[in-house]
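Please read the structure below before turning to the comments.
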Amino acid sequence: MKILWSVSAWRGCLEGCLVGMALLLITFSAMVEAPPLAISMFFFLTMVAAAGWAGLRVRLTAGPWKKVLITEGFHSLGMAAGLVVGVGAFLAVSGHLDLLQKSHVGQWGSIFFLGLGAPGYLGVRVFSYFWRFWDYLRRTRYVWGLTHTILCLIGAVGALALVTAIIYTAKVDQINLSEIPADSIFGRVVVWIFTFLLISLLAGFVGASIFTLPAVGFSYWVARRLTGRLDHLVETANALRQGNFSARVKVEGQDEVAAFQENFNNMAADLEKSTRTLQEERDKVARLLTLQRELTAGISHELRTPAATLTGYVDSLRQNLDQQTPQSIRHDLEIIAHEAGRLQNILNDLLTLSQSEADRLSLKLQPVAVEEVMRRAVDTLAPLAWKSKRVQVVADIKDGLPPAWGDALRVEQIILNLIQNGVRYTPPGGAVVASASLAEGGVLLEVADTGEGIRPEDLPHIWERFYRADNSEHVGEGVGLGLALVKELTEAMGGSVDVESAPGEGSVFRVRLPVCDTIATFLR
Ligand code: ADP
């Protein structure tokens, strides 16, 4: 619990008056008997006790100095008035009001002594404010902290010297001056000075021998505190240098070293943050490089097969043209046309993907009537799917669908890709259903099939370029770019994709596209 400068003005001044009056009460019986001069001194002491107590108890005021001055003046007057009234009432009740007159300074003099409580209180307050300032200085500035320590030591030595001097002076008093063989005032003064010098020397010696050891210990302790904190800083700096970026120093106190410790910690935090960012960037670049390498390998691999087929057929045609029948030439040319088309498709997909990666994909964004696009895609693919694989492709489209915001050709490309995949991975007798509806936050396009489904370990990767589930049944049927393209195109139009699938239970691919409303159109 804090005792000094911790209570309100009312309470502090009241406590002060009560302390003064308690002192008066304790010394009252002696006071009644005392001679006039002593009575005055009793009143004076009462005032000192009251002013001292109140001055040390009342909370210090903060704010501009004019406000502090007015507040403190007001409190001092209140305290003194309270003391005069309190003492007067006490004397009147106890029937000794005459003590005021009996005092050496008379009735008004006694009241004046009690009234001195006001300047007395103010004096204690001036000291208090000075102490507060000094306390702040010594806590925040190392040099003032050290000065304070030394001053405390000097004060202690001085106090001891004073006590010793008083004791010795009392003894010297007992010396009979008339015995000193000096017949002049000068001689006696010399003897007195000599005696006091001796006493001071002795006091100094006693003080020094008592305080030297504690002073040395204390200075060592103070210095050790500082060097200990600096050692800790050096250790932490070394840890940082060795790569431990989470190392921090403990901030102790409020002085310059503490400010340094705090700055050091801030600097370490900045360093940690920028290093983490750099590491993240480095990892990203490394990931991109790996992706790029895989991509190059994937592209060369995928282009090699159609290119080799093309070269093989063209060479064979060139060398055996004379021996070939028109039917076999037509057959070879059809294979060449098919492979050339495949090559062109792969190159187109790759071009689209790289444009989207470089943010150069040109999209013609406009309101898209999704149901129309979907119906067209289903109409295009359904006959072929039935003829070649006995897979039914149907559309299930809700009426009154609002237009989506996108590029009509790209939306069609997305739907075609998903339906083609559905047909490819669905065995004969199955079905692919393409539906469109309004869902939370956009238009939802769904392509569901009753096909073979996707294994859980493949699911996270199917959107990657050139990723193909390890399935010998479908070797040579695709290159693994279709879903990557679906994802890139959808996201470029501000939409999102996801899939739900389990082996043997078919798959549902979902594409969400933003709805085209007038405000959205305006903002774009
Ligand atoms: P691909 O040209 O191989 O079809 P995609 O990128 O379109 O390439 O698809 C990647 C992989 O995802 C496919 O190899 C296949 O394993 C799986 N997949 C895509 N669609 C379906 C589907 N409807 N049913 C089952 N598996 C699918």
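The values are calculated or read from the model by the stated rules, or taken from the named source; none is laboratory data. Quick caveat: nothing in here was measured; it's all calculated off a predicted structure. FYI the Cβ positions are ideal-geometry reconstructions off the backbone, even for glycines, and counts take in every protein chain you see. For the accessible areas, the whole protein counts, side chains as well, though only heavy atoms, and no ligand, DNA or RNA atoms are used. Shrake-Rupley method; radii C 1.70, N 1.55, O 1.52, S 1.80 Å.
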Exercise. Using beta carbons and a limit of 7 Å, which pairs, at least six apart or on different chains, have the first residue in the range 336-350 and without any contact (Cβ under 8 Å) to a residue 40 or more places away in the chain and of a type in the set (K, R) and the second one assigned to a helix (DSSP H, G or I) and surrounded by 13 or more Cβ atoms within 10 Å (Cβ to Cβ)?
Worked result: R342/P306
For this session: Show the residue pairs that are 6+ apart or on different chains and have beta-carbon atoms under 7 Å apart, the first residue being within the range 269-288 and closer than 25 Å to R248 by Cβ, the second being exposed (fewer than 10 other Cβ atoms within 10 Å of the Cβ).
Result: E272/S246
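Being farther than 16 Å from A118 by Cβ and in a helix (DSSP H, G or I) narrows it down to one residue among L25, L60, L83, L77; which is it? Let's see the steps before the verdict.
On the way: L60 fails: in a helix (DSSP H, G or I); L83 fails: farther than 16 Å from A118 by Cβ; L77 fails: farther than 16 Å from A118 by Cβ.
Only one candidate passes the filter, namely L25.
Residues M31, M47, M41: which one is surrounded by fewer than 19 Cβ atoms within 10 Å (Cβ to Cβ) and in a helix (DSSP H, G or I)? Even if it seems obvious, please write down each step before you answer.
Values: M31 fails: surrounded by fewer than 19 Cβ atoms within 10 Å (Cβ to Cβ); M47 fails: surrounded by fewer than 19 Cβ atoms within 10 Å (Cβ to Cβ).
Selected residue: M41, the only one of M31, M47, M41 that is surrounded by fewer than 19 Cβ atoms within 10 Å (Cβ to Cβ) and in a helix (DSSP H, G or I).
Determine if the range 135-158 includes at least one residue that is more than 30 Å from E252 (Cβ to Cβ) and open to solvent by less than 70 Å² (accessible area, probe 1.4 Å). Walk me through how you get there before you give the answer.
First, the residues of the range 135-158 that are more than 30 Å from E252 (Cβ to Cβ): 158.
Those still in the list that are open to solvent by less than 70 Å² (accessible area, probe 1.4 Å) too: 158.
Yes; the residues of the range 135-158 include at least one that is more than 30 Å from E252 (Cβ to Cβ) and open to solvent by less than 70 Å² (accessible area, probe 1.4 Å).
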For this session: Taking the options Q327, Q366, Q355, name whichever one is modelled with pLDDT of 85 or more and within 30 Å of L513 (Cβ to Cβ).
Result: Q366
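Just for the range 446-466: of the residues that are closer than 16 Å to L418 by Cβ and either within 7 Å of the ligand (Cβ to nearest atom) or at pLDDT below 95 (or both), which one is surrounded by the most Cβ atoms within 10 Å (Cβ to Cβ)? Lay out the reasoning, then the answer.
Of the residues in the range 446-466, the ones closer than 16 Å to L418 by Cβ are 446-454, 459, 462-463.
Applying the additional criterion that residues be either within 7 Å of the ligand (Cβ to nearest atom) or at pLDDT below 95 (or both) yields 449, 451-454, 459, 462-463.
On the way: D449: 26, G451: 22, E452: 20, G453: 19, I454: 21, L459: 16, I462: 21, W463: 16.
Taking the candidates together, the pick is D449.
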Exercise. What is the number of the single condition among (1) in a loop (DSSP other than H, G, I, E, B); (2) away from the ligand (no atom under 15 Å from the Cβ); (3) farther than 19 Å from L381 by Cα that G429 does not meet?
Worked result: (3)
Exercise. Of a type in the set (G, A, S), in contact with a Leu (Cβ under 7 Å, 6 or more places away or on another chain) and part of a helix (DSSP H, G or I) - does that describe any residue in the range 98-115?
Worked result: yes
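Being among the acidic types (D, E) and assigned to a loop (DSSP other than H, G, I, E, B) is the filter here, so list the residues in the range 344-369 that pass it. Spell out the reasoning first.
At the first step, the residues of the range 344-369 found to be among the acidic types (D, E) are 349, 357, 359.
Residue satisfying the conditions is D359 alone.
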Exercise. With (1) over 17 Å from V499 (Cα atoms); (2) in contact with a strand residue (DSSP E or B) (Cβ under 9 Å, 6 or more places away or on another chain); (3) surrounded by 15 or more Cβ atoms within 10 Å (Cβ to Cβ) as the list, and G400 as the residue in question, which single condition is left unmet?
Worked result: (3)
Problem set entry | Sole exception among (1) open to solvent by 70 Å² or more (accessible area, probe 1.4 Å); (2) closer than 16 Å to E477 by Cα for A340, by number | (1)
Exercise. For the range 359-395, how many residues meet the condition of being open to solvent by 50 Å² or more (accessible area, probe 1.4 Å) and either free of Cβ contacts under 8 Å to residues at least 40 places away in the same chain or among the β-branched types (V, I, T) (or both)?
Worked result: 16
Exercise. So, in the range 467-511, of the ones that are among the small types (G, A, S), outside any loop (DSSP other than H, G, I, E, B) and more than 7 Å from the ligand (Cβ to nearest atom), which residue ends up nearest to G441 (Cα to Cα)?
Worked result: S496
For this session: Determine if the range 399-409 includes at least one residue that is at positive phi and either part of a helix (DSSP H, G or I) or within 16 Å of the ligand (Cβ to nearest atom) (or both).
Result: no
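Can you tell me which of V515, V443 is more than 24 Å from N348 (Cα to Cα), more than 8 Å from the ligand (Cβ to nearest atom) and open to solvent by 30 Å² or more (accessible area, probe 1.4 Å)? Lay out the reasoning, then the answer.
Numbers: V443 fails: open to solvent by 30 Å² or more (accessible area, probe 1.4 Å).
The match here is V515.
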